[in-house]
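No lab work stands behind these numbers, since they all come straight from the coordinates. These figures come from a predicted structure and were not determined experimentally. Cβ: placed from backbone, ideal geometry, glycine included. Neighbour counts: every protein chain shown.
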Amino acid sequence: MIFDIEHGRLDTEIARKIFREIAQEWEKSSSENPVAILSAVLTNRDVGDYCKGPSTDDGDPKLCRVMVASDFVRFNVDKSKTLLRPKRRPSRRDLHELSELGVDGIIINSFQTSNPYVWVTKMSELSPFMMLRDEKSRALEVRNQLGLSHLIEDQRLILLEYTAEFPEINFLTAPCFIEGCPSLIYRSTSQPDRWGRTVHLETLGDGLPEAVHPTVDFGTSFGGCPFKVHYIGELTPSKIPDWSAAEASLPADCNINTISNAVDRLIDLCDD
């Protein structure tokens, strides 16, 4: 949060409003858990508060988004136009057929997300990891590169590729803390291409570029646009990583002992 304000990555008025709400929530809350307090403030905000970070250098218009295959088929594929069975987990064969035959004209609804924005990365940056031959290694590496810490179950993953050139997307922005918190792992950064960077789940260093755009109804807005589906592979169940090393890697000026002290500092920054 402090990084975003000190580097002017978020509108000051939005930031000031959020931090004062955090301070108020801290005063009245019985919880001493900073994540719970952040969740209370950052969940279900006005749509206009999101996607207000720095605009990206979108000279690379090919975007992609990793999704759990069963969620994609359940919510975003018009199964009446396919041979997919509505209540069956999509098989590898199903997913390979979607990849080979294409999904033009059969995508419906918005991406399933609990927030009014969608996380994406650059297809050109992710493509080399899609070349790994073993599907379990491929799925694990994609998950780690993108910092997808919530994917720890036995899940088949797909990659949905589309373009940033459609007017319905409007714009891409680098994520700020308002989108990234209170995710289990997130780090604001400033890069020459003005994209954010994921946190690699093994090295804790920078992963791949990341950006956000407002969610849209892809079926209604895009009609027969050229989406591509790529089958990534199947994850094997894994343990939740130990994030103590990530906390220890924070810059010294981010090691603030209490959220109340942090809020005071952030309000001062906004008022400067």
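Please determine, by comparing only the residues of segment 175-188 that are free of Cβ contacts under 8 Å to residues at least 40 places away in the same chain and assigned to a loop (DSSP other than H, G, I, E, B), which one is surrounded by the fewest Cβ atoms within 10 Å (Cβ to Cβ).
My answer is Ser183.
With the structure loaded, tell me whether Arg143 is buried (at least 21 other Cβ atoms within 10 Å of the Cβ), touching a strand residue (DSSP E or B) at 6+ places or on another chain (Cβ under 9 Å) and under 19 Å from Val212 (Cα atoms) or whether it fails that test.
Yes, satisfied.
Looking at segment 4-37, which of its residues are within 19 Å of the chain's Cα centre (by Cα) and either of a type in the set (Ser, Thr, Tyr) or surrounded by fewer than 20 Cβ atoms within 10 Å (Cβ to Cβ) (or both)?
Listed by number, the list holds a single entry, Val35.
Looking at segment 148-166, can you tell me whether even one residue there is hydroxyl-bearing (Ser, Thr, Tyr), assigned to a strand (DSSP E or B) and crowded, with 18+ Cβ neighbours inside 10 Å?
yes
Tell me, please, whether a residue that is over 30 Å from Arg194 (Cβ atoms), of a type outside the set (Phe, Trp, Tyr) and touching a helix residue (DSSP H, G or I) at 6+ places or on another chain (Cβ under 9 Å) can be found in segment 114-128.
No, segment 114-128 contains no residue that is over 30 Å from Arg194 (Cβ atoms), of a type outside the set (Phe, Trp, Tyr) and touching a helix residue (DSSP H, G or I) at 6+ places or on another chain (Cβ under 9 Å).
What number of residues within segment 136-149 are of a type outside the set (Val, Ile, Thr) and touching a Phe, Trp or Tyr at 6+ places or on another chain (Cβ under 8 Å)?
The number of residues fulfilling the criteria is 4.
Val142: of a type outside the set (Gly, Ala, Ser) and not in a helix (DSSP H, G or I), yes or no?
no
Going through segment 189-200 one residue at a time, which ones are farther than 18 Å from Asp57 by Cβ and assigned to a loop (DSSP other than H, G, I, E, B)?
Of everything in segment 189-200, just one residue is farther than 18 Å from Asp57 by Cβ and assigned to a loop (DSSP other than H, G, I, E, B), namely His200.
Would you mind stating whether Leu208 is in a loop (DSSP other than H, G, I, E, B) and surrounded by fewer than 22 Cβ atoms within 10 Å (Cβ to Cβ)?
No, not satisfied.
Residue by residue, here is whether (1) farther than 28 Å from Asp57 by Cα; (2) touching a Gly at 6+ places or on another chain (Cβ under 9 Å); (3) not hydroxyl-bearing (Ser, Thr, Tyr) holds:
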| site | (1), (2), (3) |
| --- | --- |
| Lys81 | yes, yes, yes |
| Arg89 | yes, no, yes |
| Arg93 | yes, no, yes |
| Glu97 | yes, no, yes |
| Phe111 | no, no, yes |
| Val118 | no, no, yes |
| Ser127 | no, no, no |
| Val142 | no, yes, yes |
